[in-house]
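Visitor: Could you have a look at this structure, given as structure tokens, before my questions?
Readers should treat all values here as calculations from the given coordinates under stated rules, not as data from a laboratory. None of the values given here were measured: they were computed from a predicted structure. Cβ sites come from the backbone with ideal geometry, for glycine too, and all protein chains shown count toward neighbours.
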Amino acid sequence: MPRDYGQCKLCLNEGKLLRSHLIPRAYYKFLRTPCAPDPNPITAGAEVTRTSQDQLVQHLLCEACEDLLNKHGERWVLLNNYRLDGPSPMYRALLAATGDSKFRSGTVYSSLAIPGIDIEKLIYFGASIIWRASVADWSMGGKPVRLVQLGKPYEEEFRQYLHGEAAFPRNAAIWVAVVRSEAPAPLINFPVDEIKGKYHQHHFDVFGLSYFLYVGGSLPEEVTRHCAARTPERYMFFTDIGGIIDRKAAQFFNKSVPTPKLMDRARKDGVVLVLNCVNTYLY
Ligand SMILES: [Zn+2]
């Protein structure tokens, strides 16, 4: 059977499958430095830090389902998120808005009150990346990359949500954060998960967006009160977490290469990061 034929993970039909990227392919062009001797982005993993053009990609979805993911999340996010020439439309929209006064930190916003923010598309995009990370074994440069595992019941619930068969899963919560910076770190932090007592936390960052997805039968109130899908206000964060991401990256790079030089290049030219465990404080 040809490699590009199989069961689509989203609609479950058998047929021709496209090569699906875990992180939209369009983002990788921001990570290249055409004038550098090696234009490829820096990839950091647990063992090695190097430049590489490897991407997480595999035959996963049929054309109709790729299109669905694109239409319901990716296209809008790519249009409104990170760009090389100045602040993103999303950043500008949040900058012109005011945080919800119920939260003293000033970092929690009702997305419904902000023209220019499509919270459904933001939620869908974040959920689709974590679901994709979970439903297949991924590898990069021939080496397996361990990403997140939602577990079979949640994989199925998210499949139904993403395929338009069901609403956002009841025992899940999602936090959406836009980094409060005109020029957020150009990095991708692939999905990682962490067990937090009775529930699981899944997290990734991509170019000025940061996501946390929680699943569990009894999610605590401190998790659900900021959920973009469950709260009537459809809350999201607009917060300065750039420093935290930079510090995490610096700690990481310390393991293998001189930090200041690489961090300088990383900031200017783009970097792909795989961090094992990230706790980012959003509020
Ligand atoms: Zn399909």
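Visitor: Please list 199-207, 160-168 highest first by mean number of surrounding beta-carbon atoms within 10 Å per residue. Could you put the intermediate results ahead of the total?
Guide: Values: 199-207: 22.4, 160-168: 15.2.
Listed from highest to lowest mean packing, they are 199-207, 160-168.
Visitor: Return the FRET efficiency for the residue pair residue 98, residue 78: r is the Cβ-Cβ distance, R0 is 25 Å, and the value is rounded to the nearest 0.05.
Guide: Values: r = 27 Å, r/R0 = 1.08.
Efficiency, from the Cβ-Cβ distance: 0.40.
Visitor: Counting other beta carbons within 10 Å of each Cβ, put 156, 74, 14 in order, fewest first. Walk me through the numbers on the way to the answer.
Guide: Values: 156 14, 74 21, 14 11.
By the 10 Å Cβ count, ascending: 14, 156, 74.
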